[in-house]
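Written out below as structure tokens is the structure these notes cover.
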């Protein structure tokens with residue numbers, strides 16, 4: 001059965017557009033991008049988060065960017081079966097505390113955070129109160145989180161979805177984790193993809209791919225590098241994400257080849273599991 005991915009945050013670490021730069025401001029709502037994040041929605045109500053960035057509260061309250069800001073947000077997320085963590089940078093993990101409300105909505109049920117050993121250790125260092133035992137301080141206010149260390153290149157199942165994790169290079173910014181979930185691949189904060197990962201990425205239905213801007217950048221794919229990655233992996237469809245404020249949606253649409261689109265916050269795509 002098909003799953004859906006909701007691209008709840010398609011911007012870069014500063015958020016888009018940034019204030020203080022009038023020339024970069026855009027009145028096009030497609031250029032209003034929250035910081036990186038996505039939600040996988042299963043056919044039986046399953047919910048898996050891809051990262052937990054600092055805009056998580058807004059992404060959970062209004063995942064599809066359809067809320068009027070006044071009435072009850074009827075499309076809000078009230079469940080989480082687990083988190084797939086790409087890495088420990090602030091724009092991907094500093095919303096961790098907002099999972100506390102999801103715990104409350106699920107009657108105190110734990111939420112497992114799946115990630116590479118080093119990224120999980122960084123989370124425990126940054127947010128120690130989120131992982132302490134119930135007998136210690138903060139027991140009435142902390143999130144109820146557990147950690148599950150991923151073994152790279154080994155299949156695992158989360159909420160009934162078959163997944164595999166693999167290491168990627170973020171350039172001098174370190175190592176990130178890419179994920180294949182069913183026939184979806186989510187590759188963000190990527191500068192170089194090891195050849196060994198190609199075996200996990202054959203026959204993709206949908207590729208969500210990092211593409212920061214037109215000009216080269218030391219830690220992210222630029223447009224030319226993203227095109228080369230698409231040619232290498234040959235997915236059926238590609239959605240570009242993690243875009244900087246200089247990437248204006250209206251300017252870029254004419255240059256995109258068939259099968260490639262730019263992500264917009266709240267965009268929904270389907271993929272087979």
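The values are calculated or read from the model by the stated rules, or taken from the named source; none is laboratory data. All values derive from a computational prediction rather than experimental measurement. Cβ atoms come from the backbone with ideal geometry, glycine included; neighbour counts cover every protein chain shown.
Table for the structure above
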item: Number of positions in the stretch 106-121 that are touching a strand residue (DSSP E or B) at 6+ places or on another chain (Cβ under 8 Å) and either over 17 Å from residue 177 (Cα atoms) or part of a helix (DSSP H, G or I) (or both); result: 6
item: Subset tally (residues that are touching a residue at least 60 places away in the same chain (Cβ under 8 Å), farther than 10 Å from residue 87 by Cβ and not in a strand (DSSP E or B)) for the stretch 155-182; result: 3
item: So residue 88, is it surrounded by 14 or more Cβ atoms within 10 Å (Cβ to Cβ) and out of contact with any strand residue (DSSP E or B) (no Cβ under 7 Å at 6 or more places or on another chain); result: yes
item: Residue count, the stretch 218-253 (criterion: over 21 Å from residue 172 (Cα atoms), in a helix (DSSP H, G or I) and under 20 Å from the mean Cα position of the chain (by Cα)); result: 3
item: For residue 11: the one exception among (1) crowded, with 17+ Cβ neighbours inside 10 Å; (2) modelled with pLDDT of 95 or more; (3) farther than 25 Å from residue 163 by Cα; result: (3)
item: Every pair of residues 6+ apart whose Cβ atoms lie under 7 Å, when the first sits in the stretch 243-254 and is free of Cβ contacts under 8 Å to residues at least 24 places away in the same chain while the second is surrounded by 12 or more Cβ atoms within 10 Å (Cβ to Cβ) and not in a loop (DSSP other than H, G, I, E, B); result: 252/262; 253/262
